[in-house]
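Have a look at the structure below, then the notes.
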Amino acid sequence: MSLIIFILAAYGLTQILVYGSIFEPIRPTTGKLGELFQCSMCVGFWVGTLLYGVSFCTELFTFELNVVNPFILGCISSGTSYILNRIFDDEGIKIKLETKE
């Protein structure tokens, strides 16, 4: 259950950082950081490692402190944030129908 809560928290924070209007004034738009903040997969990785780093502050999810877990949780966060971002948008579930002519 804690992994599901972690995934949802990572997805939510990733969406806020990449698309949230509250960060519009301070979100980088050019250079390497600008590229990073346009990619939910990239930001998702760093959000996962950040959430691992603050997991000792919450009882919602806890993970063993070791060297490998930040990388693994970053990968989980990156992948799930990307997948959820591809499935959902502001209007709900994305459905793309291809028509053959």
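The values are calculated or read from the model by the stated rules, or taken from the named source; none is laboratory data. It should be emphasised that the depicted structure is a prediction, and the values quoted were computed from it without experimental measurement. Cβ atoms come from the backbone with ideal geometry, glycine included; neighbour counts cover every protein chain shown. Ligands, DNA and RNA are stripped out before the accessible areas are found, and what is left, the full protein with its side chains, is counted by its heavy atoms. Shrake-Rupley method; radii C 1.70, N 1.55, O 1.52, S 1.80 Å.
Compared with the dominant Cα axis of the chain, that is its longest principal axis, helix 69-87 is turned about 20°. When Rg and the Kirkwood Rh are both derived from Cα coordinates, the Rg/Rh ratio for the range 8-64 amounts to 1.03. In this structure, the amide hydrogen of Phe88, modeled 1.01 Å from its nitrogen in the peptide plane, lies closer than 5 angstrom to those of Lys94, counting only residues at least 5 positions away or on a different chain. Of the accessible area of the chain, computed with a 1.4 Å probe over protein heavy atoms only, carbon and sulfur atoms account for 66 percent. Note that the range 6-23 has calculated 3J(HN,Hα) couplings of 4, 4, 5, 5, 5, 4, x, 5, 4, 4, 5, 5, 7, 10, x, 5, 5, 9 Hz, one per residue in order, obtained from phi through the Karplus relation 6.51 cos²θ - 1.76 cosθ + 1.60 (θ = phi - 60°); glycine and proline are x. By the Cβ-Cβ criterion of under 4.7 Å, the unpaired cysteines of the chain are Cys57, Cys75. Structure remark: mean-square fluctuation, Gaussian network model of the chain, C-alpha springs under 10 Å; the largest value among Phe45, Phe37, Phe56 belongs to Phe56. For the pair Phe56 and Ile5 in one chain, pulling the backbone fully straight at 0.36 nm per residue adds 16.9 nm over the alpha carbon distance. Per-residue ellipticity at 222 nm from helix content only, as computed over the chain with -39500 (n - 2.57) for each DSSP H run of at least four residues, stands at -18500 deg cm²/dmol. Here the Gaussian network model covers the chain, with springs between Cα atoms less than 10 Å apart; of Thr49, Thr80, Thr29, Thr29 fluctuates the most.
Karplus-derived 3J(HN,Hα) values for the range 89-94, using 6.51 cos²θ - 1.76 cosθ + 1.60 with θ = phi - 60°, are 9, 5, 8, x, 6, 7 Hz; glycine and proline are entered as x.
In summary, the convex hull built on the alpha carbon positions of the range 1-97 has an orientation-averaged projected area of 7.6 nm².
If I fit a long axis through the Cα atoms of helix 40-53 and take the longest principal axis of the Cα atoms of the chain, what angle between them do I get, 0 to 90°, rounded to 10? In the chain, helix 40-53 runs at an angle near 20 degrees to the longest axis.
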